[in-house]
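Asker: Submitted below is the structure of interest, expressed as structure tokens.
The values are calculated or read from the model by the stated rules, or taken from the named source; none is laboratory data. Note that this is a predicted model, so its numbers are computed, not measured. Cβ placement follows ideal geometry from the backbone for every residue including glycine, while neighbour counts extend to all protein chains displayed. What goes into the accessible areas is simple: the full protein's heavy atoms, side chains included, and nothing from ligands, DNA or RNA. Shrake-Rupley method; radii C 1.70, N 1.55, O 1.52, S 1.80 Å.
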Amino acid sequence: MSKQDKTNALRILDAAGVPYTMHVYDENATDGQAVAALLGQEADQVFKTLVTEAPGRKYYVFVVPVNCTLHLKKAAKAAGEKSIAMLPQKELLGLTGYIHGGCSPVGMKKAFPTFIHETAQLFDTICVSAGRRGLQMELAPDTLLNLIGGTYADLTEE
């Protein structure tokens with residue numbers, strides 16, 4: 001991949017000297033479990049990035065396995081909010097710089113408080129979007145957590 005083809009997320013990893021593996025897949029596969037299958041990964045090791053909004057226009061990012069559903073009450077509790085809602089898809093690009101299906105927890109327009117589902121710690125590496133549909137980056141979960149200043153939390157429905 002040429003330098004100009006790299007996403008903001010990948011440029012940030014390169015600048016920080018973070019080791020990662022890049023995975024390219026069919027960008028038409030937007031379902032997370034289909035992406036995991038294309039990558040040859042278990043679905044609980046491939047994570048999606050979800051952006052939420054709390055009252056007062058406060059935004060939070062949650063990184064959860066593609067085969068799980070974000071539990072909004074657990075997410076609100078982790079963020080210290082009374083309630084939280086998914087950000088409307090039409091607002092994602094303007095807020096983060098990323099489109100639906102290609103939203104990375106790394107390199108958003110602004111750094112938002114970010115929470116990673118605690119199961120990420122069970123793996124040597126996890127996959128998250130590299131900032132474009134059809135592109136994933138695989139890296140150590142603790143490395144990702146430290147890079148984005150995130151927090152591990154219980155975030156999914158049982």
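Asker: Looking at the stretch 92-122, which of the residues that are of a type in the set (S, T, N, Q) and farther than 24 Å from Asp14 by Cβ is least open to solvent (accessible area, probe 1.4 Å)?
Answerer: So, considering only residues that are of a type in the set (S, T, N, Q) and farther than 24 Å from Asp14 by Cβ, the one least open to solvent (accessible area, probe 1.4 Å) is Thr119.
Asker: Kindly list, by first and then second residue, each pair from a residue in the stretch 132-158 that is open to solvent by less than 30 Å² (accessible area, probe 1.4 Å) to a residue that is among the acidic types (Asp, Glu), limited to pairs with Cβ atoms under 7 Å and residues at least 6 apart or on different chains.
Answerer: From residues that are open to solvent by less than 30 Å² (accessible area, probe 1.4 Å), the pairs are Gly134/Asp26; Gly134/Glu27; Ala153/Glu118.
Asker: For the stretch 1-86, which helices (runs of 4 or more DSSP H) that fit wholly inside it have 1 or more residues that are modelled with pLDDT of 95 or more and either under 18 Å from Ser104 (Cα atoms) or open to solvent by 70 Å² or more (accessible area, probe 1.4 Å) (or both)?
Answerer: 8-16, 72-79
Asker: Could you please find all residues in the stretch 87-105 being part of a helix (DSSP H, G or I) and touching a strand residue (DSSP E or B) at 6+ places or on another chain (Cβ under 9 Å)?
Answerer: Glu91, Leu92, Leu95, Thr96
Asker: What are the residues in the stretch 113-158 that are in a strand (DSSP E or B) and of a type in the set (D, E, K, R), if any?
Answerer: Arg132, Glu138
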